[in-house]
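Presented below is the structure to which this report refers.
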Amino acid sequence: MRRIPLIALLLAACVALSGCAFRPEVENQAYVLVLGIGELADGQLELTAKIPRIGESGKDEKEGEASSPYQTFSARGSTWSNALENLQWVTPRELNLSHLKLMVVSEVLASDGQFPRLIREISETPHLYTTAHFAVCDSDVAAFVQAQLPVIGTRLSSDIDAAMRHYAAHGYIPESLFAELYYATGSYYSDPVAARCFTDGDENAEPAALIVSPNAFAADAPEEVSPRFGGCTVFRRGVLALSLGVRETQLLSLVLGSSDTLDLNRDGVPCALRLEGRPKLEVDQQDDPVTVRLEMRFSCLNSLESAESQAVSEQLAREYEALIHSCQAAGVEPFGFASVAARRFLTDAKWIVFDWPARFAQANAEVRIAILPGV
Amino acid sequence: MKLSVSATPARAALCASVAARLFLSLMLDGPTTHNGAWFSALLAGTAAMPVAFLLGRGRRPNSPRASRLTMAVFMLAVALDAAEAMRCVTRSAGFLALDDTRPLFLLLPVALATLWCVGKNGDATGYAASVWIRIFPLLLALVLLMQARHLRPRWIFPLFGGGGGAIGLGAMRAAGGAASLCGALLFQEGDGRPSRTVGALAIAAAVAALLIVFQLMMLPTPLNADSLSWIYRLDGLITNGRAPLYLQLPMMLLWFAALLHLLAWDCFLSAALLQRCVPHINGRLCVLIAVLAAALLTGISDHLEPLFRWRWAALLAAAALNLLPLRTRGGRVCAESH
Amino acid sequence: MEQSWEQLARAELSESLSENVVRFKALLSASVNSDAQFRPFHMAGTRLCAVYIEGMADDRKISEFVLRACAEGNIEGGSRIDAACLIEEVLESAQCRAESQVEKVLQDVVSGMTAVLIDGCGEAVVLETRGYPSRQVGRTTNESVVIGAQEGFVESLRTNMTLLRRYVQSPRLITECLTVGTELLCRVCLAYLEGTAEKKLIDEVRSRLKRIDAASVQGLGAVQQLIEDNPWSLVPQLLQTERPDRAASCVIDGQVAILADNSPYALVAPVTLFHQLHASDDSFSRWQYGSFLRLVRLLGILISIFLPGMYLALTDYHMHLLPMSLLGSIAEARANVPFPILVEILIMEFSFYLINEAGTRIPQQIGSALGIVGALILGQAAVSASIISPILIIIVAITGLGNYAIPDYGFGLGLVICRLFVIACGSLLGLYGVCLAAFCMLASLCALRSVGCPYLAPVAPKRPHNPDILLRLPLRMQRAVRGSWLYGRRNQE
């Protein structure tokens, strides 16, 4: 019987001291699904958040309202925390960043030398789990976020996931998570890549020239502003160092393993290639400068003559060599050669002294492409 | 109440807690080893073996005075270890969801839970660990299955990370924690053959090394790991954004369960050793003192880093001291004590 | 000097019939007790008196086997009649014995037997004439199975012992009868298989039964509470079963079954957590089906304990672990609910227990009304009135189903209380609290013992056992390890 008061006391202590203060209920929170981070002319950060309206679904049908099930809020601030605080202030609910699906950063901001610090600050934000997809926007970030709406599905959250997966599987963009950028920024392996995005209705933006052919969307171009993904950017130590078009991104995605098919168009004849096995990356460190080798085997889904196969493989090899050279020129290495080279080193110190970024910039590139007989 | 533990549950608790301790020491508390942490784990497990062997040999000590001194050294070591574990539990809880809760209020529930569990005596603590040992592989398999796509084996290179010095220092630090957890050999009942304890240590070290390798495959090695905060490393372990968010659930269960078993075993050991150092003291009071001490030391365990580095050497010396036939005042070697 | 009731009861029978009759009339308060019957008769010139309780004893048996037998008995007049003579030459009852202790005779009489007092003899003959009304052996009510025997224990101890013996037809089956209670005695029977059950276990159970110092023991429910190891524990440390086949299976495995008068079930000791999870169906079915059912049951139990607490922890503290589409649905459903999730859960849990309890007490004829009330009030109306969110009804319903999957009623109730504890911890500390609660429960289970046997054996401590713990492997793989694993010694047959 002596235990009863003791147990009661302990339980009371737990309840009284657990610090369970007021916690906003699940329906009283503003879940940010898309967050745009742009830099204004005066150097201020502009945050734009896309938030679903809770309790609004079905209301449209009942009352015939035309309101969107999503709302967009914007706020500015001199620093990340300041801007976030202001965003919290303009949003009439508790801001919840835990379900962030897409983080979009303006190209200007990503190219800024201060961007690594911003990456660090973002990652240290409580409950902002770094699983969000990450993209660099050529055009107006706020407009891009504003334009984000479910295209095929009914929920934006699943729509973003599906879209990013779809684009990545075809190699139009690389698999790009904020976490990958965050962790790779401070690491000594290859440089991280991020997806590119733009709004094709934005006349001020110049996405088409850089990323895809200007009339690529002619057939299905909607009248309103529509968000698009295509191409990629490569970061060096957390700063945007190189932008790649869709074609180059497709080539890179094959090496990175996020896609395994590639469509070629040779003199108007379509040719579908499928990557067989994993790309073989090799680094010959004995040479000075070092030699990097890329070996890939494709099978062709169409039947090709051997001469055509040879031509296709040569064309691909040339494209890859050009890609490697442009990366070398920009001082980035997104392919994954670093971790291959690192295998030869026993300790971090030796690896760091080896200075892989400088070695890669000077490296000789050998690309071997083999086209296997079609199925 | 006499605090006691049988050999079998003691081994289970040792295995579970050493694996957790090595992982915690090398991946969160001491990151200087980088990619070489797996090797440090194996070295630390090996370094703890002589201590276990000496303790096993010294179960029938030649001198009660030496025995008591050995127990006191081990008691202090496990008390420090308990404080470290408790700090880790509360910081993890705060990081995961309760960041707006004051540390004291995070500490209280875990202290109460530990009090409750350790109050059930050593066998219960040990058997709870043996149940955990059976559940752990299932949970781990689930995590690895879901995480498999995101694991990058190439990230474990360069294989020896920080190099020999860092590996050695990390191993020394972790070995102190692992060796102190063998303290049950001083009083456990039943089959106390050192070979079995050494076997348990070997398994624990292997498991810890394996877990470290998996964790290394999950995150690219940072350039300057020393400057990274404890929270960064915990974030990389549990809420790593490279893996799907829902994976946090099994990860959290794995993490908390491992830490709680480590904490319970630490607190039980310090309480049981205290009871043997101070005659005629009630076991329940010892448990209360051990948990309170762990809670109080939690606040300062950050500042005890130099102590942690030399803990292993102190424990090895204490274990060896237990074997020495110290002479009493009468010039006669003391008879068997206990 | 007038003797007290205790003094009268503790005396030996006298040789004077009148004195004995007066004594029994006093002990049975015959002047006011209308069903205490004293039937005097003569035999070969000797006066005798049959003492019995009307209703408890069968009138037909008394008339046929006592009165008629004595009237037709071939005893010469003037011969001295004593108990031995009656038993050997006159009475035709299969069960009769001589007894000289008043207390024992009295206990037999109140239990339905008939005592024949003989003038000039210091011993009475006690005959088995029990004939009180009792329920026939019928189907089990709480432990129904799809495949397997359907009969259950009844309130009659004798019938229950017979049922048990029918399943264990072995000369080694011992059914040891004891009485417990200091004032109102309750007959209990200790059943075990000699040579298979450990002697230590039998002695321990027997000694615990004998140590019961309660004035009255109302059936096995009270016996269970009086002999279990830890009365503070939320889970029962003895198994209650109303199935003779299950009790028999436990006895065959080396456990001890306890039966009692007026208790339509048996207690089994010792038991482990895994016994509580097993149902009779498991062993009747093929191993694949049995194993599958066990996994379903285990999942049900885990859901029953953790689901509401986890739901609370996830929605209040770790909402990022829920997919946004699910979180959106939860938030939408809760948009008009005025209560916090904790209150919502407590309302629903309480309503569920209320319906459950009412369903147990409600007369069978109007039982269907309860379903309507439950479904309408809790299902439809509460959701329509935005008191409860629909998702919570699903959570509580699944939790309830999980709880019903637990074969043992007491164990299920214990888990309900554990669930409330988990809910409290989850609401205070999120998953951290749930982990702490689970850790405390695990340590408590590890510390628990059932008649000295660790509650988590043979897993913790690990002991040699049949592959019949969580999964049930094929019968041919089941070694004949019996009983001994409960106490940690290998005893393979």
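The values are calculated or read from the model by the stated rules, or taken from the named source; none is laboratory data. From a predicted model like this one, the values you see are computed outputs, not experimental measurements. Quick reminder, even Gly has a Cβ in these numbers, built from the backbone with ideal geometry, and neighbours come from all protein chains shown. For the accessible areas, the whole protein counts, side chains as well, though only heavy atoms, and no ligand, DNA or RNA atoms are used. Shrake-Rupley method; radii C 1.70, N 1.55, O 1.52, S 1.80 Å.
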**Report entry** 20 °C / 1.002 mPa s Stokes-Einstein diffusion coefficient of region A:260-375, Kirkwood radius on C-alpha pairs, µm²/s
**Finding:** 139
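For region C:157-271, what does the relative contact order come out to in percent, with C-alpha contacts under 8 Å and a separation of six or more?
32
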Report summary line: Per residue of B:151-163, other chain Cβ atoms within 10 Å number on average 5
Query raised in the report: Given a Förster radius of 35 Å and the C-beta distance between B:ARG193 and B:LEU142 as r, what FRET efficiency does 1/(1 + (r/R0)^6) yield to the nearest 0.05?
Result: 0.50
Query raised in the report: Considering chain B as a Gaussian network with a 10 Å cut-off on Cα pairs, which listed residue, B:ASP191, B:ASP100, B:ASP266, attains the greatest mean-square fluctuation?
Result: B:ASP100
Query - All lysines inside 18 Å of C:LYS104 as judged from Cα atoms, apart from same-chain residues fewer than 8 positions distant - result: C:LYS25, C:LYS210
Query - Solvent exposure ordering (accessible area, 1.4 Å, most first) of C:ILE387, C:ILE394, A:ILE324 - result: C:ILE394, C:ILE387, A:ILE324
Report summary line: Rounded to the nearest 100 Å², the accessible area buried between C and B, both sides, probe 1.4 Å, is 2500
Query raised in the report: Dipole of chain C, Cα-centred, from +1 at each Lys and Arg C-beta and -1 at each Asp and Glu C-beta, to the nearest 20 debye?
Result: 1880
Report summary line: If amide H atoms are modeled at 1.01 Å from N in the peptide plane, then the residues at a separation of 5 or more from A:LEU242, or on another chain, having amide H under 5 Å from its own are A:VAL234
Query raised in the report: Can you give the accessible area of C:LEU429, probe radius 1.4 Å, in Å² rounded to 10?
Result: 10
**Report entry** Cα-projected label distance for C:ILE417 with C:LEU299, points at 7 Å along beta-carbon direction, nm
**Finding:** 3.0
Report summary line: Carbon plus sulfur, as percent of the 1.4 Å-probe accessible area of chain C, comes to 57
**Report entry** Point-charge dipole on Cβ atoms (K/R +1, D/E -1) for region C:5-127, about Cα centre, debye to 20
**Finding:** 240
Query raised in the report: Roughly how many Å² is the accessible area per residue of chain C, as a whole number, for a 1.4 Å probe?
Result: 45
Query raised in the report: How high is the relative contact order of chain C, given as a whole-number percent (alpha carbon pairs under 8 Å, six or more residues apart)?
Result: 13
Query raised in the report: Which value, in Å to one decimal place, does the Kirkwood hydrodynamic radius take for region C:343-449 when every pair of different Cα atoms is included?
Result: 15.4
Requested in this report: Report the one residue of C:VAL343, A:SER106, A:LEU149 whose Cα lies farthest in the direction of the positive end of the charge dipole of the protein assembly as shown (charges on C-beta: Lys and Arg +1, Asp and Glu -1; origin at the Cα centre).
Outcome: C:VAL343
Requested in this report: Could you give me the percent of Cα pairs per 10 Å distance bin for region C:283-373, shortest bin first, beginning at zero and ending with the bin that holds the maximum distance?
Outcome: 13, 27, 29, 25, 6, 0
Requested in this report: May I ask which residue of C:MET477, C:ALA84, C:ILE252 lies farthest towards the positive end of the charge dipole of chain C, with charges of +1 (Lys, Arg) and -1 (Asp, Glu) on Cβ and the Cα centre as origin?
Outcome: C:MET477
Requested in this report: Work from the charge dipole of the protein assembly as shown (Cβ charges, +1 for Lys and Arg, -1 for Asp and Glu, about the Cα centre) and give the residue of C:ILE305, B:LEU42, B:SER4 farthest towards its positive end.
Outcome: B:SER4
Query - Estimated FRET transfer efficiency when R0 is 45 angstrom, pair A:GLU305-C:GLN288 (beta carbons, to 0.05) - result: 0.20
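For region C:157-271, give the share of DSSP beta bridges that are antiparallel, in percent and rounded to the nearest 5; count only bridges with both residues there.
Roughly 95 percent of the beta bridges in region C:157-271 run antiparallel, per DSSP.
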Requested in this report: Any chance you could give the angle, 0 to 90 degrees and rounded to 10, that helix C:324-334 forms with the longest Cα principal axis of chain C?
Outcome: 70
Requested in this report: Quick one: work out the % antiparallel among DSSP beta bridges in the protein assembly as shown, nearest 5.
Outcome: 75
Requested in this report: State the three equivalent ellipsoid semi-axes of region C:157-271, derived from the C-alpha gyration tensor as the square roots of 5 times its eigenvalues, in descending order and whole Å.
Outcome: 21, 15, 13
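Rounded to the nearest 500 deg cm²/dmol, what is the calculated helix-only ellipticity per residue at 222 nm for the protein assembly as shown, with -39500 (n - 2.57) per DSSP H run of length n ≥ 4?
-15000 deg cm²/dmol
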Report task. With a 1.4 Å probe and every protein chain kept in, tell me what percent of the accessible surface of chain B is carbon plus sulfur. Result -> 68
**Report entry** Per-selection metrics, region B:7-321 (Cα): Rg and Dmax in Å
**Finding:** 18.4, 58
Query - Amide proton proximity set for A:VAL105, modelled H, under 5 Å, gap of 5+ - result: A:ILE37, A:ALA135, A:VAL136, A:CYS137
Requested in this report: With no solvent and one equal point scatterer placed on each C-alpha of the protein assembly as shown, evaluate the Debye formula and give log10 I(q)/I(0) for q = 0.07, 0.08 Å⁻¹, two decimals.
Outcome: -0.85, -1.03
Query raised in the report: Once phi is turned into ³J(HN,Hα) by the Karplus curve 6.51 cos²θ - 1.76 cosθ + 1.60 with θ = phi - 60°, what whole-Hz value does each residue of region C:467-475 show in order, with x for glycine and proline?
Result: x, 9, 9, 8, 9, 10, 7, x, 4
Query raised in the report: Any idea of the total accessible area buried by the A-B contact, 1.4 Å probe, rounded to 100 Å²?
Result: 3200
Query - Mean separation of Cα contacts under 8 Å (6+ apart) over length of region A:107-208, as relative contact order % - result: 35
**Report entry** List A:SER78, C:SER31, ordered by accessible area with a 1.4 Å probe, largest first
**Finding:** C:SER31, A:SER78
Report task. Give the interface area between chains A and C as buried accessible surface, both sides summed, probe 1.4 Å, in Å² to the nearest 100. Result -> 2100
Report task. Evaluate the charge dipole of region C:157-271 about its Cα centre and quote only its size in Debye, nearest 20, assuming +1 on the Cβ of each Lys and Arg and -1 on the Cβ of each Asp and Glu. Result -> 300
Report summary line: Any residue on another chain or 5+ positions along whose placed amide H is under 5 Å from the amide H of C:VAL154 is listed here as C:ASN160
Query raised in the report: What's the Kirkwood radius of region C:5-127 in Å, using all Cα pairs?
Result: 14.1
Report task. Kindly identify residues of region C:297-327 having a loss of at least 50 Å² in accessible area between the isolated chain and the assembly of all protein chains, probe radius 1.4 Å. Result -> C:ASP316, C:TYR317, C:MET319, C:HIS320, C:LEU321, C:MET324
Requested in this report: Grab the Cα-Cα distance for C:ASN33 and C:SER325, subtract it from 0.36 nm times how many residues apart they are, and report the gain in nm with one decimal.
Outcome: 97.7 nm
Report task. Counting only heavy atoms of the protein chains, get the accessible area per residue of chain B (1.4 Å probe) and round it to a whole Å² value. Result -> 36
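Quick one: which of B:LYS2/C:LYS462; A:LYS50/A:LYS101; B:LYS2/B:LYS120 span more than 19 angstrom between C-alpha atoms?
Pairs exceeding 19 Å: B:LYS2/C:LYS462.
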